[in-house]
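A quick write-up on the structure given underneath.
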Amino acid sequence: MSGQAGGAPASSLPPGSAHGAGLSVSDLAERTGVAAATLRAWESRYGFPVPERRPSGHRRYAEADVHAVEGVLARRESGLTLSAAIEEVRREREAEEGPRGTSARPQSVFATVRAGHPHIPVQRLGKSTLLALSWAIEDEFCAVADRPHLFAAFQQAQHYRAAERRWGELARLSRSAWVYADFPDHGAEPDGPDVRLLDGPTRVTLDQRSPLLREWALVCDSQELPALLSAWELPGQDRVPDRQRMFECVLSFEPSAVRAASRCFLDAAGDAGVGSAAPVLRELDSTALADPTDLASVSTLVARLLGYVDRLSSR
């Protein structure tokens, strides 16, 4: 996977259309008292608030977004964490007006895990370390687990192409394998616009508003070897060399956290029109969670990780 933050203009709706989106990010900042840079960081990290986009790429917000941001601030004052406050406001808004646009709300694996498992520590890691950790999980968990469900967010299609052969092998060992990026439109299959080539993983083309385009995520949903890695790139690194870019990351081997991330990935696939996501989601919902991963497996992963880190640092 990559660490390159994606994000292209998502919509060309003019002000006053559909959702009445006519406020700039500066307008929203002035109305709510939340700095424009903070609002952009919230969008990148939590997929909230979700603006409409003009052809120029400029954000435009609706009056409802003003109330939503104010709702988050009120919940923060009552003691909720930022991620929990955003999730609560998001659910209330959807209950009132339904999902925004023609698909369900954008899914963020990082935000989902943080909201449901706030005890998992957040680490700041560089891209090289994150890459080494991803390879270690792929080798030790994804390739060794007994027919796991695998999910990975690559952000950009070019980053997946560099790992396509590797993921072709992983897909053959898995019960299902899913990769997410800004893949070009290859045309739709009968059950939706997913593309599965030969024995490779199912490719899910993400909407340009999806937070997954800005996330680096890897999930191995397995009864005996569950693993989860999710990260988002810190904003303001446009001039930082690729290998030096920094991410906020969560790493967990808790079955409940892994399962929450899997559901988030499958929801995103369903939102993208991938019909084959629904039966996998039903299967996971009907499968009991396993006991926590044994310490021996975690120790093996750490040993493999150290080997990858050492190899990369010597390049």
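Tell me, yes or no, whether region 238-246 has at least one residue that is touching a helix residue (DSSP H, G or I) at 6+ places or on another chain (Cβ under 9 Å), part of a strand (DSSP E or B), at pLDDT 75 or above and under 30 Å from D182 (Cβ atoms).
Filtering region 238-246 down to residues touching a helix residue (DSSP H, G or I) at 6+ places or on another chain (Cβ under 9 Å) leaves 242-246.
Restricting the remaining residues to those that are part of a strand (DSSP E or B) gives 246.
Still in the running and at pLDDT 75 or above: 246.
Next cut, under 30 Å from D182 (Cβ atoms) only: 246.
Yes; the residues of region 238-246 include at least one that is touching a helix residue (DSSP H, G or I) at 6+ places or on another chain (Cβ under 9 Å), part of a strand (DSSP E or B), at pLDDT 75 or above and under 30 Å from D182 (Cβ atoms).
Restricting the search to region 185-208, which residues are assigned to a strand (DSSP E or B) and either touching a strand residue (DSSP E or B) at 6+ places or on another chain (Cβ under 8 Å) or modelled with pLDDT of 80 or more (or both)?
Of the residues in region 185-208, the ones assigned to a strand (DSSP E or B) are 189, 192, 195-196, 202-205.
Those that are assigned to a strand (DSSP E or B) and either touching a strand residue (DSSP E or B) at 6+ places or on another chain (Cβ under 8 Å) or modelled with pLDDT of 80 or more (or both): E189, V195, R196, T202, R203, V204, T205.
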I'm told R165 meets every condition in (1) at pLDDT 90 or above; (2) surrounded by 14 or more Cβ atoms within 10 Å (Cβ to Cβ) except one. Can you identify the failing condition by its number? (2)
Is it true that some residue in region 72-91 is at pLDDT below 85, exposed (fewer than 13 other Cβ atoms within 10 Å of the Cβ) and within 28 Å of C249 (Cα to Cα)? yes
Would you call V258 touching a residue at least 40 places away in the same chain (Cβ under 8 Å), in contact with a strand residue (DSSP E or B) (Cβ under 9 Å, 6 or more places away or on another chain) and within 27 Å of A145 (Cα to Cα)? no
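For region 209-233, how many residues meet the condition of being among the acidic types (D, E) and modelled with pLDDT under 85? Talk me through it step by step, then tell me what you get.
Step one: list which residues in region 209-233 are among the acidic types (D, E), which gives 215, 221, 224, 233.
Subsequent filtering for residues that are modelled with pLDDT under 85 retains 224, 233.
Result for region 209-233: 2.
The values are calculated or read from the model by the stated rules, or taken from the named source; none is laboratory data. Being a predicted model, the structure only gives us computed values, none of them experimental. All Cβ positions, even for glycine, are placed from backbone atoms using ideal geometry, and neighbour counts span all protein chains on display.
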